[in-house]
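The values are calculated or read from the model by the stated rules, or taken from the named source; none is laboratory data. Just so it is clear, the model here is predicted, and its values are computed rather than measured. Here the Cβ positions follow ideal geometry from the backbone for every residue, glycine too, while neighbour counts run over all protein chains shown. Side chains included, ligands, DNA and RNA excluded: accessible areas come from the protein's heavy atoms. Shrake-Rupley method; radii C 1.70, N 1.55, O 1.52, S 1.80 Å.
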Amino acid sequence: MKTIQFREAICEAMSEEMRRDESIYLMGEEVAEYNGAYKASKGMLDEFGAKRVIDTPIAELGFAGIAIGSTMTGNRPIVEYMTFNFSLVGIDQIINNAAKIRQMSGGQFKCPIVFRGPTASAGQLAATHSQAFESWFANTPGLKVVVPSNPYDAKGLLKAAIRDDDPVIFMESEQMYGDKGEVPEGEYTIPLGVADIKREGTDVTIVSFGKIIKEAYKAADELAKDGISCEIIDLRTVRPLDKKAVLESVKKTNRLVVLEEAWPFGNVSTELTYIVQSEAFDYLDAPVVKINTADTPAPYSPVLLAEWLPDYTEVIKAVKKVMYK
């Protein structure tokens with residue numbers, strides 16, 4: 001094993017796959033000459049050249065469409081958005097073309113493409129740069145949605161996403177690019193749609209994904225001091241959703257708290273709540289509690305932002321609520 005940063009895990013995954021398959025290329029704003037806005041493509045222009053690592057204009061609709069069209073001529077593009085907030089400019093291409101090509105062509109065309117970049121909040125970036133759209137994309141048949149929380153998962157999942165024959169939305173975090181973690185020296189992939197139990201526990205299940213899962217770890221450490229054993233599940237992939245892993249855990253602990261950095265209406269935690277009450281109702285000893293951001297655009301003020309964004313103290317309160325303590 002070696003210890004590398006999250007950004008390095010992303011770069012390694014892309015570079016290894018591009019060495020393996022010449023039909024893969026990377027395009028996006030500042031991915032080439034600048035080595036990526038977050039240095040996640042550092043050195044790739046030097047290795048692969050300007051035909052396979054392509055700087056684009058600030059025109060997300062245009063380069064998303066070019067990349068999607070290129071899949072129909074045998075290419076496997078990776079499209080980087082500087083932030084998924086900017087994907088809204090190109091969302092017509094993602095929803096109406098990438099997600100539907102296979103079905104609308106009667107299976108004549110695949111669309112092996114990865115759209116990747118940062119999601120959710122990253123400090124004081126204000127309302128239009130702090131949005132989480134995982135549930136938006138996951139609501140669309142034809143798309144797969146991946147949200148890793150550490151370098152090991154990021155590399156293995158990204159390699160699997162690049163090899164997938166369907167379009168994959170791969171969502172990272174600006175606040176995780178510097179995170180360090182152990183990654184195998186050799187080749188490995190992680191299958192999409194498989195959650196991971198990060199911590200075994202017996203009293204309550206906490207489900208989360210992405211950078212906000214760090215707050216679940218903090219809460220579990222504090223709750224352990226009170227003798228409360230938390231099982232933490234990292235979904236890793238939002239669509240397809242590994243409901244089996246969640247249901248099996250709930251049947252063991254009989255309690256569920258879902259932590260998600262998203263607005264509270266109609267999100268991933270809402271779907272999980274429905275699945276559990278529908279398929280494991282008799283195992284529940286308390287109502288499911290979901291923790292989300294406040295139901296407002298993200299504020300710029302650091303004081304308001306701290307109130308808007310969930311933290312470990314809210315997880316502790318939620319766990320104690322389902323434990324009736």
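Note on segment 84-96: residues that are open to solvent by less than 30 Å² (accessible area, probe 1.4 Å) and either touching a Gly at 6+ places or on another chain (Cβ under 6 Å) or of a type in the set (Gly, Ala, Ser) (or both) amount to 3.
Inspect all residues belonging to segment 144-159 and state whether any of them is hydroxyl-bearing (Ser, Thr, Tyr) and touching a residue at least 24 places away in the same chain (Cβ under 8 Å). Checking segment 144-159: at least one residue is hydroxyl-bearing (Ser, Thr, Tyr) and touching a residue at least 24 places away in the same chain (Cβ under 8 Å). With the requirement that a residue be within 13 Å of the chain's Cα centre (by Cα) and aliphatic (A, V, I, L, M), what does segment 152-190 give you? Within segment 152-190, Ala154, Leu157, Leu158, Ala161, Val168, Ile169, Met171, Met176 meet the criteria.
When Ile275 is tested against (1) under 22 Å from the mean Cα position of the chain (by Cα); (2) without any contact (Cβ under 8 Å) to a residue 60 or more places away in the chain; (3) open to solvent by 40 Å² or more (accessible area, probe 1.4 Å), exactly one condition is not met: (3).
Report, by residue number, each residue of segment 147-162 that is closer than 16 Å to Arg20 by Cα and either modelled with pLDDT under 95 or open to solvent by 10 Å² or more (accessible area, probe 1.4 Å) (or both). The answer is Ala160, and nothing else. Considering only residues that are of a type in the set (A, V, I, L, M) and part of a helix (DSSP H, G or I), look in segment 220-259 and name the one that is surrounded by the fewest Cβ atoms within 10 Å (Cβ to Cβ). Step by step, filter segment 220-259, then rank; the result is Ala224.
Within segment 72-81, if we keep just the residues that are in contact with a helix residue (DSSP H, G or I) (Cβ under 9 Å, 6 or more places away or on another chain) and open to solvent by 10 Å² or more (accessible area, probe 1.4 Å), the residue that is nearest to Asn35 (Cα to Cα) turns out to be Arg76. Within segment 57-65, is even one residue open to solvent by less than 70 Å² (accessible area, probe 1.4 Å), in contact with a Gly (Cβ under 6 Å, 6 or more places away or on another chain) and either of a type outside the set (Ser, Thr, Tyr) or under 22 Å from Pro167 (Cα atoms) (or both)? Yes, that holds for at least one residue. Pairing residues of segment 12-23 that are open to solvent by 20 Å² or more (accessible area, probe 1.4 Å) with residues that are not charged (D, E, K, R), at Cβ distances under 8 Å and at least 6 apart in sequence or on separate chains, gives Glu12/Ile4; Glu12/Val183; Ser23/Gly74; Ser23/Asn75.
Only residues that are out of contact with any Phe, Trp or Tyr (no Cβ under 9 Å at 6 or more places or on another chain) and either β-branched (Val, Ile, Thr) or closer than 18 Å to Ala262 by Cα (or both) were counted across segment 303-325, and they come to 16.
Of all the residues in segment 287-325, those that are assigned to a loop (DSSP other than H, G, I, E, B), crowded, with 19+ Cβ neighbours inside 10 Å and among the small types (Gly, Ala, Ser) number 1. Which of the residues spanning segment 34-56 are open to solvent by less than 20 Å² (accessible area, probe 1.4 Å) and either in a strand (DSSP E or B) or without any contact (Cβ under 8 Å) to a residue 24 or more places away in the chain (or both)? Selection gives Val53 alone. Do you know which of the residues in segment 203-228 that are in contact with a helix residue (DSSP H, G or I) (Cβ under 7 Å, 6 or more places away or on another chain) and among the small types (Gly, Ala, Ser) is nearest to Leu192 (Cα to Cα)? By that ranking, first place goes to Ser208.
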